[in-house]
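Visitor: Take this structure first; my questions come after.
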Amino acid sequence: MDFAEAQKEALGCTKCGLCHSRTQVVFGEGPLNAELFIVGEAPGFNEDRAGKPFQGASGMLLDRLLGSLDLSRERVYLTILVKCRPPGSPPRSPRPSEVSSCRPYLMSQLAAVDPKVVVALGEMASRVLTGRKEPLSRIRGRAVPLDRRYVFPTLSLQRALYVPADRGLLISDFSRLPELLAAERPSTYETLNIPGSPAAEREPIQPGLW
Ligand code: SF4
């Protein structure tokens, strides 16, 4: 599925039960030639109302983090693991089956943008995007070379908003991004079989995600 097809399908998607709790699908936004690609877990109240990722307090924190790197959100592709807001207040975490249903849209976005660095915010995004099952505390802040790009797991913005010590860790992790963005793309044969990935044609592996 190419990017345009994915976007069109997602905007009317009813593939999982989250279609009943959303107001709007939050597909994602940003330039298709962005080198930095940031993935959150699920839309919250503000994202659901705006139809855009990273709004409200978490959006302001992200803007500050990007600003500290002389970046603005207009230069970054921003999206979310599941594109519809889960029910509850606060919303519950997405279920593995919902993440799996929504995964093809994320893979189409990744294939189209082909960023050099993918920041996975939070435990669930980190597992899906690295294909690893270790707890976030063990892989946080370490770049994982995959599909000729760096996947960089770190803490969620929500956690950083409420736990000051974690905010410091998140700031420290983001400070590594310029180094990764300036680096050559990694040469690796490991792949999550993202369509369009040259590595996928050479030696595909399918890590167990859950
Ligand atoms: S979360 Fe994803 S798979 Fe589920 S209804 Fe929304 S767009 Fe479709």
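The values are calculated or read from the model by the stated rules, or taken from the named source; none is laboratory data. Quick caveat, the model's predicted, so the values are computed rather than measured. Using ideal geometry, Cβ is built from the backbone for each residue, glycine included, and neighbour counts are taken over all protein chains shown. To get the accessible areas, we keep the full protein, side chains included, count just its heavy atoms, and leave off ligands, DNA and RNA. Shrake-Rupley method; radii C 1.70, N 1.55, O 1.52, S 1.80 Å.
Visitor: Mind checking which lysines have their Cα closer than 28 Å to the Cα of K8? Skip sequence neighbours fewer than 8 apart in that chain.
Guide: Within reach: K52, K83, K116.
Visitor: Let me spell out the model: positive unit charges on the Cβ of Lys and Arg, negative unit charges on the Cβ of Asp and Glu, origin at the Cα centre of the chain. What dipole size does that give, in debye rounded to 20?
Guide: On the way: 27 positive and 23 negative charges, 114 e Å.
Charge dipole of the chain: 540 debye, to the nearest 20.
Visitor: Now, a different point. If you take every DSSP beta bridge fully contained in the range 3-183, what fraction is antiparallel? Give it as a percent rounded to 5. Each step should come with its number before you reach the end.
Guide: Numbers: 4 of 17 bridges.
So the antiparallel bridges in the range 3-183 amount to around 25 percent.
Visitor: Could I ask something else about it? Skipping prolines and chain starts, which residues have an amide H placed within reach, meaning under 5 Å, of the one on V144, given they are 5 or more residues away or on another chain?
Guide: Those qualifying (amide H under 5 Å, at least 5 residues apart or on another chain) are V151, F152.
Visitor: Rounded to a whole number of µm²/s, how large is the Stokes-Einstein D of the range 1-97 at 25 °C and 0.890 mPa s, given Rh as the Kirkwood radius over C-alpha pairs? Write down the numbers at each step before the final one.
Guide: Numbers: Rh = 14.0 Å.
The calculation lands on 176 µm²/s.
Visitor: Ok, one more. Please give the net charge around M1, taking every other residue with its beta carbon less than 11 angstrom from that of M1, where Lys and Arg add +1 and Asp and Glu add -1.
Guide: -2
Visitor: Given the peptides 51-57, 29-35, 61-67, arrange them by the average over their residues of other C-beta atoms within 10 Å, most packed first.
Guide: Values: 51-57: 19.3, 29-35: 15.3, 61-67: 17.3.
In descending order of packing, they fall as 51-57, 61-67, 29-35.
Visitor: Oh, and also: Please report Rg (one decimal) and Dmax (integer) in Å for the Cα set of the chain.
Guide: In Å, with Rg to one decimal and Dmax whole: 15.9, 45.
Visitor: Run lengths n ≥ 4 of DSSP H only: what is the helix-derived mean residue ellipticity at 222 nm for the chain, with -39500 (n - 2.57) per run over all residues, to the nearest 500? Don't jump to the answer; show the numbers that get you there.
Guide: Working: 10 runs with 85 residues, N = 210.
Using -39500 (n - 2.57) per qualifying helix, the result is -11000 deg cm²/dmol.
Visitor: Find out how many positive minus negative residues lie around K133, taking Lys and Arg as positive, Asp and Glu as negative, among other residues whose Cβ is under 13 Å from that of K133. Kindly include the intermediate steps, with their values, before the conclusion.
Guide: Numbers: positive: R127, R132, R138; negative: E123, E134.
Counting the neighbours of K133, the net charge comes to +1.
Visitor: Of the accessible area of the chain, with the probe set at 1.4 angstrom, what percent is carbon plus sulfur? Walk me through the intermediate numbers first.
Guide: Numbers: 4950 of 9760 Å².
Summing carbon and sulfur atoms, their accessible area is 51 percent of the total for the chain.
Visitor: Kindly rank 74-84, 132-142 from highest to lowest mean number of other beta carbons found within 10 Å of each residue.
Guide: Working: 74-84: 22.9, 132-142: 14.7.
So the peptides 74-84, 132-142, ranked by packing, come out 74-84, 132-142.
Visitor: Solvent-accessible area per residue for the chain at a 1.4 Å probe radius, Å²?
Guide: Numbers: 9760 Å² over 210 residues.
Heavy-atom accessible area per residue stands at 46 Å².
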